[in-house]
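Here is the structure we will look at.
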Amino acid sequence: MTTISAAGIGSGLDVDDIVTKLMAVEQRPLTTLQTQATALDSKISAFGTITSQLASLSDAVTKLAAAATWDAKSVSSSNPTAASATVTGSAAASSFSLEVSQLARAQSVASSAVAAGSGFGAGTLTIQTGSWAGASPALTAGSAAAVSVTVEEGDSLSTIAGKINSAGAGVTATILKDLSGERLLLRSSGTGEAAGFRVQAADDSAATGRSLAALSFDDPAAGTGMAANPVQYGLNAKATLNGVAISSAGNVLADTVPGLTLTLSQVTTAPVEISVATDTGSQTAAVNAFVKAYNAMNEMLNAATRYDSTTKTGALLQGDATTTGLQTAMRSLVGALSGGSGALQRLSDLGISIAKAGAGNLEVDATRLATALKDPAAVGRFFNAAAPADGSASAATGFATRMSAFLQGAIGSGGMLAAKTASLTSQKTANGKSQDRLSDRLTLVEASMRKQYTALDTRMSSLTALNTYITQQIAQWNKDS
């Protein structure tokens, strides 16, 4: 028979409650370790956030340190529908007048209509690219070799077009369908006079289908084959820039003006004025992006190190030497002299200063910044003056160059934040091992306590039963006497 027992029933002792309360005392060191582990996790996360914030600031500072930022140009067109321009390199501030008399185009020819699905006889189409010239146009072959396309007996126009497209002959083939039937359209892959082409047709001796001569374009003056239909020859783009004639195989002129790409879209009826100027908009945006990133970093560090005098509690990193040291160094960099010989010596000379309200935040005086940017080269020297040959970031180095070096040292793999995070991670690992050891000890302590109090409960239960028996016996003796 199974015996059912419960601690405390016989003795009146609440063994579970006693053990639970004693273990609560024993577990206080474990609770302390768990609290420390939570704090370590929070600090590791906080330093990860600081690293991310400093990386964003570093990106903004890198933009300020880039020479391209201060060489940036913007370009405008008085008639962008006809001609536009984009900055693609180091362009000089200038303006010029552009007139377009002809746009570049591709050569295009079409065959006469044939019934849909009609088959052609076997043979070969030979396609040669080059330039057409002369009153009775003749093709001067280009450098590319002629390409032969083999036509099988019964091939339709669609099949032939597919073979031409697969041949890489410098032309593209399309099928046009209308009420008259199907037509083969051929167009040169590129534009310009040198992108012309001819098509020579040769039927096999045993061919029985429609002759491939209908698809030839070899002697435009004869008006046979595809020459029987309107022909569009390839043309070069023609324009004048400040009165100087220019010609191009395409409508995009990448090398005509250094640092600019011109796009011709329409023949003009009046000159188009193209103006290249310093891109103060992007330069102002770069400065504002730096100030925004710096303020975000500063506000985060302020919040992480704040002390609340009302509640007498400090924030997570209040008093942390790494954090306060970082904050001090950043503020020192912001207020430092450039050490150069120019008129711009401090950020404040550009209109960037510490805000009166904002606990270290920066603010921008737009008017002063705009005035400074009238000489973008001087602003560029303030920010990106090169570091000394020994690689140190001396006082004479540009502001952005010095700050970039500092930030990279802080967030790099061997920087102070990486070292701090590694230290906290090591502490977290040691804490976890301590918790494991303490948990194992507490398990043994609890088992020992339960064993002891269970034995005490059993002993007291036995004594209680003996006491009851003796009491009953004495009562019986008294009654008998």
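Read the figures in this text as sums done on the coordinates, not as results from a lab. Note that this is a predicted model, so its numbers are computed, not measured. Glycine also receives a Cβ, built like all others from the backbone with ideal geometry; neighbour counts cover every protein chain displayed.
Sequence-distant or interchain residues sharing an amide H contact under 5 Å with residue 151, placed H: which?
123, 124, 125
For the peptides 415-424, 142-151, 283-292, what is the packing order when you average, over each peptide's residues, the other Cβ atoms within 10 Å and list the highest mean first?
283-292, 415-424, 142-151
So for each of 196-202, 217-223 I average, over its residues, the number of other beta carbons within 10 Å; can you give me the resulting order with the highest mean first?
Top to bottom by mean Cβ count within 10 Å: 196-202, 217-223.
Which three semi-axes in whole Å describe the equivalent ellipsoid of segment 108-228, each the square root of 5 times a Cα gyration tensor eigenvalue, listed largest first?
Values: eigenvalues 101, 45, 40 Å².
They are 22, 15, 14 Å, listed from largest to smallest.
Please report Rg over Rh for the chain, where both radii come from the alpha carbon positions and Rh follows the Kirkwood definition.
Computed over Cα atoms, the ratio is 1.37.
In sequence order, what are the phi-derived ³J(HN,Hα) couplings for segment 185-200 according to the Karplus relation 6.51 cos²θ - 1.76 cosθ + 1.60 with θ = phi - 60°, rounded to whole Hz, with x for glycine and proline?
My calculation for segment 185-200 gives 9, 10, 9, 5, 5, x, 9, x, 4, 7, 9, x, 7, 10, 10, 9 Hz in order.
Please give the Cα centre distance for segment 107-123 versus segment 69-84, rounded to the nearest Å.
Spelled out, the Cα-based centre of one part sits 46 Å from the other.
What does DSSP give for segment 108-228 in terms of the percent of beta bridges that are antiparallel, rounded to the nearest 5?
95 percent
Could you estimate the translational diffusion coefficient of segment 138-183 from the Stokes-Einstein equation, with Rh from the Kirkwood formula over C-alpha pairs, at 10 °C and 1.306 mPa s, in whole µm²/s? Let's see the in-between values first.
Details: Rh = 12.4 Å.
It comes out at roughly 128 µm²/s.
Convert each backbone phi in segment 142-152 into a coupling constant with the Karplus relation 6.51 cos²θ - 1.76 cosθ + 1.60 (shift: θ = phi - 60°), then list the ³J(HN,Hα) values in order as whole Hz, x for Gly and Pro.
Residue by residue, segment 142-152 yields x, 6, 6, 5, 5, 10, 9, 10, 8, 10, 8 Hz.
Run lengths n ≥ 4 of DSSP H only: what is the helix-derived mean residue ellipticity at 222 nm for the chain, with -39500 (n - 2.57) per run over all residues, to the nearest 500?
After summing the helix terms and dividing by the residues of the chain, the value is -14500 deg cm²/dmol.
In cubic angstrom, how much convex hull volume per residue do the alpha carbon atoms of segment 299-389 span?
118 Å³
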